[in-house]
1. What FRET efficiency comes out for the pair Cys103/Met45, r = Cβ-Cβ distance, R0 = 25 Å, nearest 0.05?
2. Would you mind checking Lys74/Lys145; Lys9/Lys124; Lys49/Lys145; Lys105/Lys150; Lys9/Lys128 for any pair whose Cα atoms are more than 27 angstrom apart?
3. Heavy atoms only, probe 1.4 Å: what % of the accessible area of the chain goes to carbon and sulfur, would you let me know?
4. For segment 1-109, what is the accessible area per residue in Å², given a 1.4 Å probe and the full set of protein chains?
5. Using 0.36 nm times the number of residues separating Lys13 and Leu147, minus their current alpha carbon distance, what extension gain do you get?
6. What number, rounded to the nearest 500 deg cm²/dmol, is the helix-based mean residue ellipticity at 222 nm of the chain, given -39500 (n - 2.57) per DSSP H run of at least four residues and division by all its residues?
Amino acid sequence: MENLLEKVKNDLKIKGVKVTLQRQKILDVIIKNQHKHLTTEEIYMIIRKEYPEIGLATVYRTMQLLEQNSIVCKFDFDEDGIRYEFMEPGNEHQHPHFICKECGKVYPIKDTMLGFVKNKIEKKYNLKIINYSLKFYGVCANCNKELSEK
């Protein structure tokens, strides 16, 4: 995890982005929770426990900066609001997500054929797709089991 933090910091420095103490703390929280989809407020509450001087506005601005520099992806999970996910270095696109309509849990979906579909769309319509977002809604295995037992 430390290597990943250093890699991200170096990538930002190469892009001319200053990595302040506040930004480093935010990056640390994002990387430690990289498989979660946190809101800005959740990130803020986690950081405040260790670093109470940080302001919510600083976290909001930093999240915008990290999104602009492809460190995080922003997702609109409808009634659950805006959430962020860490983009591992080398990933050029977001992955799809499954959202359970019963419990609200979000499942990342990996190993799809979306790269193939993206390339086909680009060729057929002579486009350059920069990014994409795909969400599936339904009932997860746990909730489905509970529903069938009722």
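The values are calculated or read from the model by the stated rules, or taken from the named source; none is laboratory data. Note that the structure is predicted; figures quoted are calculated from it, not measured. Neighbour counts are summed over all protein chains in view; Cβ atoms, including those assigned to glycine, are modelled from backbone coordinates with ideal geometry. Areas reflect the complete protein model, heavy atoms only, side chains present, ligands, DNA and RNA absent. Shrake-Rupley method; radii C 1.70, N 1.55, O 1.52, S 1.80 Å.
1. So the FRET efficiency works out to roughly 0.70.
2. Pairs exceeding the cut-off: Lys74/Lys145; Lys9/Lys124; Lys49/Lys145; Lys9/Lys128.
3. Result for the chain: 51 percent of the exposed heavy-atom area is carbon or sulfur.
4. Dividing the accessible area of segment 1-109 by its residue count gives 57 Å².
5. Full-extension gain reported as 43.2 nm.
6. -14500 deg cm²/dmol
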